[in-house]
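Only one structure is covered here, and it is reproduced in the block below.
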């Protein structure tokens, strides 16, 4: 009996460590000029490499040298929570839903300008912006003052 519990506990810890070992930040690839990754697909953006950022979506992986990044932009899409207010409570009309978007412009190996747009979770946006600025040497351009406050 105890052996069964220990086996289950060990299996759970092994599964958890496999998930935790995945590098990068979970994002949603919104779109851009990148071929091979479908718009609105789940992707991981890995900024831990010293020379390249790595984007992985399913079995497709793309590496972009930081030195080729020439534009970084951050913006938000802010909406009121109308559906939640109707279904749950009118007090939710006072709160806003924010979606955080990062655009990366870069030159590919052929010298052509390319762009990618990602939606990043609230808890990860500052880490992503700081990592991109540090690794690429480029400053993030904020779409407005609200985005500037959220990104800093």
(request) Of the conditions (1) part of a helix (DSSP H, G or I); (2) exposed (fewer than 14 other Cβ atoms within 10 Å of the Cβ); (3) at pLDDT 90 or above, residue 110 clears all except one; give me its number. (result) (1)
(request) Starting from residues that are in a strand (DSSP E or B) and surrounded by fewer than 18 Cβ atoms within 10 Å (Cβ to Cβ), keep the ones in segment 118-151 and report whichever is modelled with the lowest pLDDT. (result) 141
(request) Mind listing whichever residues of segment 34-51 are over 20 Å from residue 113 (Cα atoms), within 10 Å of the chain's Cα centre (by Cα) and surrounded by 15 or more Cβ atoms within 10 Å (Cβ to Cβ)? (result) 43, 44, 46
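Do any strands (runs of 3 or more DSSP E) lying entirely in segment 1-93 carry at least 3 residues that are at pLDDT below 90 and in contact with a strand residue (DSSP E or B) (Cβ under 9 Å, 6 or more places away or on another chain), and which ones are they? Before the answer, list the steps.
Details: elements: 25-32, 41-46, 52-57, 60-65, 69-80.
Correct list: 69-80.
The values are calculated or read from the model by the stated rules, or taken from the named source; none is laboratory data. Remember, predicted model here, so these are calculated numbers, not experimental data. Counting neighbours? That spans all protein chains shown, and the Cβs are built from the backbone with ideal geometry, glycine included.
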